[in-house]
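The structure appears below as structure tokens.
The values are calculated or read from the model by the stated rules, or taken from the named source; none is laboratory data. Please read all numbers here as calculations on a predicted model, not as lab measurements. Backbone-built Cβ (ideal geometry, glycine too); neighbour counts: all protein chains shown. Remember, those area values only see protein heavy atoms, side chains included, never the ligands or the DNA or RNA. Shrake-Rupley method; radii C 1.70, N 1.55, O 1.52, S 1.80 Å.
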Amino acid sequence: MKKIQLNIHKPNLNNLKKAKKNLDDNNIIGIPTETVYGLAGNAYSDQSVKKIFKLKKRPIFNPLIIHFQNLKDLKNDVIINTNFNKLYSILCPGPITFILKKMKKSRISKIATAGKKTVAVRIPNHKVTRNLLSVLKFPLAAPSANISSKLSPTSAEDVLEEFGDKIKFILDGGQCKIGLESTIVDLTGKPSILRPGSITAQKIEKILKKKIKIKKNFKKIKDSAQLKIHYSPGIPVKMNKKNVEKNQALICFGKGFKVGKKYFNLSKKGNLKEAANNLYKTMRKIKKRNFKSIAVVKIPNTEIGCAINDRLKKASNK
Ligand code: TXA
Ligand code: MG
């Protein structure tokens with residue numbers, strides 16, 4: 001165990017250099033972002049990207065998000081448009097991913113984008129990863145650092161728990177500030193939200209000054225049973241419950257719930273941001289305590305609550 005702990009590295013100058021060396025050598029490393037931790041490799045290298053799919057056991061038809069340092073860099077790979085410029089200037093760097101058209105001359109690995117003509121682009125807002133991106137000569141392909149269909153990691157220790165010593169280097173950026181994956185907005189046509197996140201549809205509508213669609217599921221990509229269940233803690237999850245059954249834990253939200261070994265409150269104050277930040281952490285804890293299933297009380301479907309309910313629905317296979 002001690003040897004494995006050595007894979008987690010404080011983000012000092014020396015370790016940033018080591019992280020760069022690993023990436024230059026086509027190795028895969030764990031990186032912090034403000035949303036969740038990513039499993040990162042050189043997005044221009046087929047060899048690196050293949051390693052990511054293999055480590056994550058990710059179906060090859062499911063493309064990866066590509067992380068850039070700034071606007072100048074992403075202009076080499078994707079075609080930007082007015083909607084993008086508006087959102088970028090207000091929200092970036094930040095917890096939002098844009099689907100844009102891929103340029104013909106783009107060097108992004110076709111494997112990373114699963115052969116699609118579009119790219120998911122993100123400019124993350126975490127100091128450590130921004131420092132890292134600033135010294136690299138390529139963008140980073142980085143899906144969430146979990147085995148496909150499982151919970152995303154929100155700390156360096158979670159990444160270690162997912163992959164053990166299968167990855168040799170994890171940059172420790174502390175606990176993720178948001179704790180849920182970025183909002184994904186498709187800007188290739190009429191804007192639509194593919195995945196809700198902490199940046200809400202209302203916020204995007206306000207910036208773009210138009211209504212946007214919220215897609216219920218990723219139709220084109222979600223064509224396999226393998227993607228039906230996602231964000232899973234590895235035990236059944238049941239939503240909108242009031243009571244707790246045998247060998248079950250109850251995830252609560254707000255005041256008035258019992259206190260005890262079976263009860264896990266996401267936010268006693270009833271704060272949705274706090275609840276989002278505690279969601280994956282809490283589900284991991286419950287799994288480790290050997291409960292056989294998780295019941296969750298009703299969570300308000302407003303603001304980031306929409307993202308919480310989206311993840312819970314997928315975790316409960318709805
Ligand atoms: O917060 C986040 O977005 C984190 C951190 C690490 O940046 N990343 C993340 O990546 O959540 P991942 O791979 O776990 O989820 C990316 C989602 C997948 O559901 C994938 O299908 C979708 O983005 N995606 C990627 N490229 C796409 C494309 N060209 N069109 C539509 N969806 C795409
Ligand atoms: Mg993921």
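Structure values in brief
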quantity	calculated
Student exercise, the chain dipole from Lys, Arg, Asp, Glu Cβ charges, in Debye to nearest 20	820
Total formal charge among the other residues, if their Cβ is under 11 angstrom from that of Asn27, Lys/Arg +1 and Asp/Glu -1	+3
Counted charge near Lys255, where neighbours are those whose Cβ lies closer than 11 Å (Asp, Glu -1; Lys, Arg +1)	+2
Residues whose placed amide H lies under 5 Å from that of Asn125, excluding near-sequence neighbours	Glu34, Gly94
Beta bridge orientation in the chain: antiparallel %, DSSP, nearest 5	45
Charge dipole of the range 1-63 about the Cα centre (unit charges at C-beta), most positive-ward option of Gln47, Leu6, Pro63	Leu6
Between the range 12-85 and the range 88-157, the Cα center-to-center distance that results, in Å	5
Simple label model, 7 Å out from Cα along Cβ direction - Lys17 to Leu71, nm	3.4
Whole-angstrom gap from the range 293-318 to the range 179-194, using each part's C-alpha centre	19
Heavy atoms of Phe291 accessible to a 1.4 Å probe, total area in Å² rounded to 10	30
Cα-centred dipole magnitude for the range 1-113, charges only on beta-carbon of K, R (+1) and D, E (-1), debye, nearest 20	340
Most to least accessible of Asp77, Asp25 (protein chains only, probe 1.4 Å)	Asp25, Asp77
In sequence order, calculated HN-Hα J values of the range 178-185 (Karplus, 6.51, -1.76, 1.60; Hz; x Gly/Pro)	9, x, 10, 4, 4, 5, 10, 10
Label-point separation, Arg107 to Thr302 (7 Å along Cα→Cβ), nm	4.9
The range 88-218, Rg to Rh (Cα coordinates; Rh as Kirkwood inverse mean 1/r)	0.96
The chain: relative contact order in percent, alpha carbon pairs under 8 Å with at least 6 residues between	20
Ellipticity estimate at 222 nm from DSSP helix runs (n ≥ 4, -39,500 (n - 2.57)) divided over the chain, nearest 500	-8500 deg cm²/dmol
³J(HN,Hα), Karplus 6.51/-1.76/1.60, whole Hz, each residue of the range 234-243, x for Gly, Pro	x, 10, x, 10, 10, 9, 6, 9, 10, 10
